[in-house]
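Contents: one structure, followed by commentary.
The values are calculated or read from the model by the stated rules, or taken from the named source; none is laboratory data. No experiment lies behind these values; they were computed from the predicted model shown. Heads up, the Cβs are rebuilt from the backbone with ideal geometry, glycines too, and the neighbour counts pull from every protein chain shown. Calculation scope for accessible area: heavy atoms of the full protein, side chains included, ligands and nucleic acids excluded. Shrake-Rupley method; radii C 1.70, N 1.55, O 1.52, S 1.80 Å.
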Amino acid sequence: MKQFDPGDSPSIASITDKVRSLATGMPVTAIHFLGDTAVFVGSEEHAALVSATGEVSSVAVHSGAILCAASDGERIVTGGDDGKVVALDAKGTVTVLATDPKRRWIDNVALHPDGAVAWSAGKTAFVRSGKGEEKSFDAPTTVGGLAFAPKGLRLAIAHYNGVTLWFPNMAANPEFLEWAGSHLGVIFSPDNKFLVTTMHEPAMHGWRLADNRHMRMSGYPGRVRSMSWSVGGKGLATSGADTVIIWPFNSKDGPMGKEPAMLAPLQARVSMVACHPKQDNLAAGYSDGSVLMVRLNDGAEILVRRNGSAAVSALAWNAKGTLLAFAAEDGDAGLLAL
């Protein structure tokens, strides 16, 4: 294993020893940072707010299962099977943003930098602007994922057989990007030039938005459940294999005609990826509970956590890149200060 030093040349052992173990008391499905407060979103009812010093406080956010979560760095918005869209801030204040009149499950949420929030229930996607104006759009089939474009108020709605691009503030017809199959997670590139989806099958699909040219990204042994842009959007790191798969997006053609990089192989499936917000490094979590940090330019690795009792289910950096939080399906969690 190649080694790299993320700070003041600590050894592998000292990095592992620097991880603060946390008792969240619940299975964790997502982690988001609000400043230096790590918020561990549970699968049922609660979220746990963890300070940089490791103090844990639990907050009830839903009355049932928590199905989705998103964050803009100021708040975390979650959706639940109680039909509610809920916002949580760093102080632990919970605000109900919306309640579905039919009490349908809130399957997906997304946040826009200007304060707009989107959510979906069944086939219907909703957008509430930062000024409180609410609009809805019925997709052809059940919504699989939502994402706001980084520029302008445009919402990508993933569904069966493609993605609909909807401009809530415009009268123009939505644009439809077609590709056969069930599209789930969806993400825009930071430069607004590409759109990528994860699929129900072990593959991803993408479009170059200038001309809607297709980008096929296949060959995975398992379904891709996690993806993360490297700093500057030069590469898209993904889970789904026994290595971290990183597709190149540093040219106008994106990954078309190019092979992906394959880093940090283990005898376990990559379950989560999170790119560092400031440097060309990433963190990867595995199905055996291991967590590695990886340097993108040469694949050098450093061990953060060796094995565990369950797969890593959540992974996140704070905006400054000085804190890394991870959690496993059984609730075992940790916080590393760099």
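Regarding segment 81-128, what are the three Cα extents along the principal axes, ordered largest first, in Å?
The Cα atoms of segment 81-128 stretch 32, 22, 14 Å along the principal axes, largest first.
For the chain, what does the accessible surface come to per residue with a 1.4 Å probe? Please give it in Å².
For the chain, the solvent-accessible area averages 43 Å² per residue.
Can you tell me how segment 49-135 classifies by the Cα gyration tensor, rounded, prolate or oblate, using a/c under 1.5 as the rounded cut?
oblate
Taking 23 Å as the cut-off for C-alpha to C-alpha distance, list the pairs among K91/K234; K234/K320; K131/K151; K123/K234; K131/K234; K135/K320 that go past it.
K91/K234; K123/K234; K131/K234; K135/K320
Taking 0.36 nm per intervening residue step and subtracting the Cα-Cα distance, what contour gain separates S182 from K151 on full extension?
Gain in length upon complete extension: 8.6 nm.
Grab the Cα-Cα distance for A23 and K91, subtract it from 0.36 nm times how many residues apart they are, and report the gain in nm with one decimal.
Full extension from A23 to K91 adds 22.5 nm.
Hey, what's the Kirkwood Rh for segment 239-326 if you take every pair of different alpha carbons, in angstrom?
13.4 Å
Could you give the alpha-carbon Rg of segment 207-255 over 2.2 N^0.38 Å, rounded to two decimals?
In units of the 2.2 N^0.38 Å rule of thumb, it is 1.18.
By the gyration tensor of its Cα atoms, with a ≥ b ≥ c the square roots of the eigenvalues, what is the shape of segment 274-314: rounded for a/c under 1.5, prolate for a/b over b/c, or oblate?
prolate
Express the carbon and sulfur contribution to the solvent-accessible surface of the chain as a percent, rounded to the nearest whole number, probe 1.4 angstrom.
C and S atoms contribute 48 percent here.
Determine the equivalent ellipsoid of segment 177-318 by diagonalising the alpha-carbon gyration tensor, then write out the semi-axes as square roots of 5 times the eigenvalues, largest first, rounded to whole Å.
Three semi-axes, in Å: 25, 17, 12.
State to the nearest 20 debye the size of the charge dipole of the chain about its Cα centre, where the only charges are +1 on K and R beta carbons and -1 on D and E beta carbons.
In debye, rounded to 20, the chain gives about 580.
State, as an integer percentage, the relative contact order of segment 32-154 based on alpha-carbon contacts under 8 Å between residues 6 or more apart.
Averaging sequence separation for qualifying contacts and normalising by length gives 15 percent for segment 32-154.
For the chain, modelled as a Gaussian network with Cα springs under 10 Å, which listed residue fluctuates most, K102, K234, K91?
It is K102.
Can you classify the chain as rounded, prolate or oblate using the Cα gyration tensor, where a ≥ b ≥ c are the square roots of its eigenvalues, rounded means a/c under 1.5, and otherwise it's prolate if a/b beats b/c and oblate if not?
Note, shape of the chain comes out oblate.
I want to check the label-to-label distance for A261 and S51. Put each point 7 Å from Cα in the C-beta direction and report it in nm to one decimal.
A separation of 3.8 nm, rounded to one decimal place.
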